[in-house]
1. Those residues that are of a type in the set (S, T, N, Q) and part of a strand (DSSP E or B), I need them from region 617-649; list them, please.
2. Collect the residues in region 560-579 that are over 16 Å from the mean Cα position of the chain (by Cα) and either buried (at least 23 other Cβ atoms within 10 Å of the Cβ) or outside any loop (DSSP other than H, G, I, E, B) (or both), keeping them in residue-number order.
3. Can you name every residue in region 46-75 that is over 23 Å from ILE139 (Cα atoms), without any contact (Cβ under 8 Å) to a residue 40 or more places away in the chain and either assigned to a strand (DSSP E or B) or hydrophobic (A, V, I, L, M, F, W, C) (or both)?
4. Looking for something β-branched (Val, Ile, Thr), more than 22 Å from GLY745 (Cα to Cα) and modelled with pLDDT of 95 or more - is there at least one such residue anywhere in region 427-439?
5. Is it the case that ARG65 is within 22 Å of CYS517 (Cα to Cα) and outside the structural domain of MET573 (by TED's automatic domain parsing)?
6. If you take the residues of region 154-212 that are small (Gly, Ala, Ser) and within 25 Å of ALA30 (Cα to Cα), which of them is farthest from the chain's Cα centre (by Cα)?
7. What pairs come out if I take residues in region 673-684 that are without any contact (Cβ under 8 Å) to a residue 12 or more places away in the chain and surrounded by 15 or more Cβ atoms within 10 Å (Cβ to Cβ) and pair them with residues that are in a strand (DSSP E or B) and of a type in the set (Gly, Ala, Ser) whose C-beta lies under 7 Å away, six or more apart or interchain?
8. Can you tell me which condition GLY393 does not meet? The list is (1) assigned to a helix (DSSP H, G or I); (2) more than 28 Å from the chain's Cα centre (by Cα), and all the others hold.
Amino acid sequence: MPKILSKRFYSENVAEFIIEAPLIARSRRAGHFVIVRVDEHSERMPLTISNANTENGTITLVVQRIGVSSAKLMALEVGDELHNIVGPLGKATNIQRFGTVVCACGGVGAAPMLPIAQALKQAGNKVITILAARTAELIILKEQLAEVSDELIIMTDDGSLGQKGLVTMGVEQVIQREQVDKCITIGPAVMMKFVALTTKKYEIPTEASLNTIMVDGTGMCGACRVTVAGKTKFVCVDGPEFDAHTVDFDEMLSRLRQYKAEESLAYEAYLSGENSNDIPNVVNCQSEQSTCFEVAPFEGKAKDRVAIPRVKMPELKPEERIQSIYNEVNQGLTFEQAITEAHRCLDCKNPTCVKGCPVNINIPGFIKQLEIGNVLSAAEIIQQSSTLPAVCGRVCPQEKQCEAQCIHLKMGHDPVAIGYLERFVADNAYKLSQSALVSDNISKPSTRGKIAVVGSGPAGLAFAGDMAKYGYEVVVFEALHEIGGVLKYGIPEFRLPNSVVDREIEGLRRLGVKFQCDTIVGKTLTMSDLQSEGFVGVFVGSGAGLPRFMGIPGENLNGVLSCNEYLTRVNLMGASQAINDTPLLNAKNVMVVGGGNTAMDAVRTAKRLGAERAMIVYRRSEEEMPARLEEVRHAKEEGIEFICLHNPIAYHADEQGRVSEAILQVMTLGEPDESGRRSPVEVAGQTVTLPVDLVIVSVGVSPNPLIPSTVDGLEISKKGTIVINDQMQSSIPTLFAGGDIVRGGATVILAMSDGRKAAKSMHEYLSK
């Protein structure tokens, strides 16, 4: 963990920390920031790097006490360790020779301004720094800024130091006395707004470094979005610096207040020591099952197998499910149910179900082993093709893949419940072996070279497992503080418990796969860094986390969130628990826009967190909905309203600037689109007004831009995906890719299929 090497206070609420972070120090540039977590319950705080020492491997952060997490950081002492730190993040400041540059900073904005002013001076500019604060006690870094500036002007509201007045007064004084070619401003949002208004009068190009709310900081959640020149931008990947004359500061100021009430209450609770672990009761996610399997041979013929009705998955009652986000709905088959369902398999000579499986699991093979009670052998067969069987058994759309090809369907019967059986085998093999992997579960000597994997989602994990089996030393680099990618941040525990994901990951560790969190390939480590460290191949499975929005009026109001932000706050950051610092908006009327599995996850989560009315709004009919039928059924059982053939066209706000109603356009179905689904068409003049206090937008995602934007020579499509050939190989021969970064959006199992195919192809390429 990163250690605090030095700490000093500038004022009661502002302190400077020097932190041990050699990789970040090496790659940091002026304008970059980091994400910090103080402890396991802290939120992810963005903090700009004010200095770095590459020789000592340290970075300097200046922190202002505002809420719970910053107060926790301020309480740490020299020798203490941070729980997590990741970076550098954001785009570096554009440093070039402009001429005369005014650097206008306020309060703790002096800290991120210091390296920028220094870099501008080194580039040959005349640097005039205006340092402002309310009082002399709040002025920081004046000596350091004076050293890197041609002139330092100090402004205080009360005149206790320097000139009396606001930062804008100092800016205007300089402009009126000499030519100014550029202005950079950093500080409170309202200060930057008025600096921008001042320089706009004189048509002086101005950049503002924005300090928005963030959750992940890597382009995944959309919480940091701002409107720049009429378009939505994401501060963490598009910024943090933007043309100040085109920033909608009023919108930004409103969004900065989005969680003010929740944060104030949390801070009061923290100061009083009232924070507690408020985790609801958890209903056991798996039924108790036998670990000893003795099965009598099935004596029936094919017709007898066909006559057996399909098993029904035991489920929690709806009234029990919605009491907690941790109560897994599907409880797993009993031993008797699993064996009976296995009897239904006809062991076809030409098993079309295998062709329907993206990773080509030998489905009849594992079912036949299960049928005779040999769970471990069944697990071994599955794991020849699948790295994450317990995951896939829960979240894969079997009804559209393997089960859709089952011979039973052609005979007019329900297909064999392949997904249920896969889950049963994976869960019970683990109980029997106390290992996530049954065979090949001991690390093998890595003799073929080092392989880097970018991202720990399903594509990366599947790739890593296969490459480890081929004999490579595999290191998985994850940008977030937990391993699992979308399996952790995107899928709620009532569908996929984290404990299940963790045991699958532990199985990979037993294979020898190494994991490194808080590392951004392209930022923390470059491709050149990986090459110099001896990595002979790279697989990119960084996903498609950048959320899409609809571009309609009011979409950036408070209370309008991306689905990624909402689920990340709940699933990854535990925002629903009082013990955790990440805030969550309380809402009674929740509308989720979209009809996919992610939309279902969000609306069902909202119901569990207290929504009185939880609604799905979808522009097509229910028949066109891409979500799994099981998920739709579960949602309806839990009281979710479905408002189909409606599409939001605008949102309105209340007096506090929070969304209060959605205007929905009534739709009808027209001709099929390219996907074969009938296209929605507006019904002219027909709209509906829907009261809401939380809107969650789930209309798709775009590829994460971090890798595409940082790797030279990598061919990228117009959609931002990595271009690959049939062997999953990119334009850089040693870089392979798969999953959403290639597809733009897909299922867990399709991502795994990409990972396995890429592993085979890379192994063949490196073996030449």
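The values are calculated or read from the model by the stated rules, or taken from the named source; none is laboratory data. Keep in mind that this is a model prediction, so the values were computed, not measured. Every residue, glycine among them, receives a Cβ derived from its backbone with ideal geometry; neighbour counts consider all protein chains shown.
1. ASN647
2. VAL560
3. Answer for region 46-75, where residues must be over 23 Å from ILE139 (Cα atoms), without any contact (Cβ under 8 Å) to a residue 40 or more places away in the chain and either assigned to a strand (DSSP E or B) or hydrophobic (A, V, I, L, M, F, W, C) (or both): just ASN53.
4. Checked region 427-439: no residue is β-branched (Val, Ile, Thr), more than 22 Å from GLY745 (Cα to Cα) and modelled with pLDDT of 95 or more.
5. no
6. That would be GLY170.
7. Within 7 Å, the pairs are SER679/GLY670.
8. Only one criterion is unmet by GLY393, namely (2).
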